[in-house]
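The values are calculated or read from the model by the stated rules, or taken from the named source; none is laboratory data. Because the structure is a prediction, the values reported are computed rather than measured. Using ideal geometry, Cβ is built from the backbone for each residue, glycine included, and neighbour counts are taken over all protein chains shown.
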Amino acid sequence: MIPKYRKQFNQEFSQEKYSQLKESLAQKGGIATAFRISESPLFLPNEFKSKLLEASESIIDQIKALPAEVLYKAVPDNCRVPNDTLQPHFFTIDFGICRSENGTIEPQLIELQAFPSLYAFQQVFEDTFCEVYPFLSEIRNTMPHAEFKNHLKKLIIGDENPENVILLEIFPEKQKTAIDFALTEQLLGIKTVCLTKVKKEGRKLFYENNGKPVEIRRIYNRVIFDELDRIPDLKAGFDFRDDIDVKWITHPNWFFKISKFLLPVLKHQFVPKSYFLHEFPEHENLDNFVLKPLFSFAGSGVNLNPTKEITEVIEDKENYILQRKVTYEPIFEDINGEFSKAEIRLLYIWHENEERPILLENLGRMTKAAMVNVDFNKKDAIWIGSSNAFFGEE
């Protein structure tokens, strides 16, 4: 895509520059990335960007039109957290990069969520690509750094002192996204705190900073609530379902409300047809669909080739969807003349009392395998892993 930039990048690429890219990211974050960094960015034409944005705006309109009680039904009874909000603070949406029947490259919706992604990391990642390959600066994201920081500061810190705002995670040092936590701390001056280190007194929460208890007033939440029960002997400092005197950024209920739960009701030419498993019609062919758990994360539990034998033994069919298969098009040429496929995640934030979310950044993921997950690739594959998209004229 965008032959001019692809040709120049492939000509300039070297293993030394790839090492420089990774080392610079590790130096900036103070920690190495625990996930694979792709050697290459994605180059996508502005025409494709227009399709992405048009589809996203339509999806946002449809979500805004849904009654609150419909969305609330998505939250499992045992996961409902008090003091819900009118809208989420984050909105991310994933599109596969596919080829249509008429031969044009188009996006196809894969999934969407109201959960924070690698916001701080992706901007640093884009910067670092531009430092190693200076010609990329002419097609980089046009949002100034100060504006990007102000948006996240307003959203996450609000009017509070950064000391009273924490990034909350379970054993953050063990998470693959730890570098994003470190970069968020640098960007906003907040602390990353493990759920086990939080203490509850009455309706208030506290964490220890330099040996002193500090009240927590806002939580930048990176904990996936429904995963808590899967960690044996977890000694959490409080229960998410407690009525506590904190502001959630974003409220845990939205993880369920904006999720694959919405795919069966969304309609657009770039939204593949989806059904809840218990509502799958007889006239459809199961071979044309992918089976997905409603609230899985990072591709967990996805079955690319479901059979009747597999679907019939699932007891909680209302917690699964069947989504029509889409074909990712291998169009990103590497230095060996082989091609990678990719998907792109648009990273929006949604300020309170504002009508629409704001697009801050994007995140790319490249693969040569059937799924966009590095674990499915050959060990010596290149042009795979986490990336960033640059848009320009063809």
Output for segment 25-63, where each listed residue is in contact with a strand residue (DSSP E or B) (Cβ under 6 Å, 6 or more places away or on another chain) and of a type outside the set (A, V, I, L, M, F, W, C): ARG36, SER38, PRO41, ASN46, LYS49, LYS51, SER56
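Any chance you could count how many residues in segment 158-177 are within 20 Å of ARG356 (Cα to Cα) and assigned to a helix (DSSP H, G or I)?
We begin by selecting, within segment 158-177, every residue within 20 Å of ARG356 (Cα to Cα); these are 158.
Those left that are additionally assigned to a helix (DSSP H, G or I): none.
Residues flagged as within 20 Å of ARG356 (Cα to Cα) and assigned to a helix (DSSP H, G or I) within segment 158-177 amount to 0.
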Hits in segment 212-268 (condition: charged (D, E, K, R), under 30 Å from GLU54 (Cα atoms) and more than 17 Å from the chain's Cα centre (by Cα)): LYS267
When residues of segment 243-273 are limited to those that are in a strand (DSSP E or B) and in contact with a Lys or Arg (Cβ under 7 Å, 6 or more places away or on another chain), the one farthest from SER117 (Cα to Cα): LYS247
In segment 75-122, the residues that are part of a loop (DSSP other than H, G, I, E, B), under 22 Å from MET143 (Cβ atoms) and not hydrophobic (A, V, I, L, M, F, W, C): GLN87, PRO88, HIS89, PRO116, SER117
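From PHE171, PHE125, which residue is at pLDDT below 95 and of a type in the set (A, V, I, L, M, F, W, C)?
PHE171
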Given (1) free of Cβ contacts under 8 Å to residues at least 12 places away in the same chain; (2) within 15 Å of GLU343 (Cα to Cα), number of the condition PRO107 does not satisfy: (1)
Among (1) in contact with a Pro (Cβ under 7 Å, 6 or more places away or on another chain); (2) farther than 17 Å from ARG218 by Cβ; (3) not hydroxyl-bearing (Ser, Thr, Tyr), the one test that LYS292 misses: (1)
Within segment 165-180, considering residues that are surrounded by fewer than 16 Cβ atoms within 10 Å (Cβ to Cβ) and more than 19 Å from the chain's Cα centre (by Cα), the one farthest from LEU234 (Cα to Cα): GLU173
Residues being out of contact with any Phe, Trp or Tyr (no Cβ under 9 Å at 6 or more places or on another chain), more than 30 Å from PRO45 (Cα to Cα) and of a type in the set (Gly, Ala, Ser) - total across segment 277-334: 2
Residues (basic (Lys, Arg) and not in a helix (DSSP H, G or I)) located in segment 186-225: LYS191, LYS199, LYS200, ARG203, LYS204, LYS212, ARG217, ARG218, ARG222
Residue that is nearest to LYS212 (Cα to Cα), among those in segment 139-185 that are in contact (Cβ under 8 Å) with a residue 24 or more places away in the chain and basic (Lys, Arg): LYS153
Flag for SER24 being exposed (fewer than 13 other Cβ atoms within 10 Å of the Cβ) and closer than 20 Å to PHE135 by Cβ: no
Any hit, segment 73-84, residues being in contact with a strand residue (DSSP E or B) (Cβ under 7 Å, 6 or more places away or on another chain), surrounded by 13 or more Cβ atoms within 10 Å (Cβ to Cβ) and either farther than 13 Å from ARG356 by Cβ or aliphatic (A, V, I, L, M) (or both): no
